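Enquirer: This is the structure I have questions about; it appears just below.
Throughout, read-outs are computed from the coordinates displayed, never taken from laboratory work. Predicted model, so just to flag it, every value in this text is computed and none were measured. Here the Cβ is made from the backbone with ideal geometry for all residues, glycine too, and neighbour counts use every protein chain on show.
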Amino acid sequence: MSDRKLIKVRCWNSPACGRVYSWLAPLDSWELLIACPFCHEEALIRLAPHVRPDHVVMAGGDLPPLALEVLDLPDELPSEPRPPEEA
Ligand SMILES: [Zn+2]
C-alpha cells in the first residue's frame, strides 16, 4: 500500500476554472494524474521538482523510490494539462 498525502492542487484551466482543490493523492508515481472536480479537465502534477534539495535527482534518469520524507511540497501545487499519450 502506497503512501497517501493530502495535497492542494491549483487547476491549470485558468481563467475558465483555476480553482484550488484538495486531493488525498496516492504517492506512487512522480507524475500524478487527476481530473479537476470542478471543470473535469485532466491535470498532471509533477512531484520531482519538489524533492528536497539534499536529495539528488538524476535528470532524465531513474528516480529513487518515492518517499514522503524526500518531498518538500508547497501548500499549493501547480498542475498542467495532461500531455498526449505517447505513440
Ligand atoms: Zn478545473
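Enquirer: Say R0 is 25 Å: what FRET efficiency, to the nearest 0.05, do E69 and A48 get from their beta-carbon distance?
Expert: Here the calculated transfer efficiency is 0.95.
Enquirer: Which FRET efficiency value, to the nearest 0.05, do you get for L6 and E86 by plugging their Cβ-Cβ distance into 1/(1 + (r/R0)^6) with R0 = 35 Å?
Expert: 0.70
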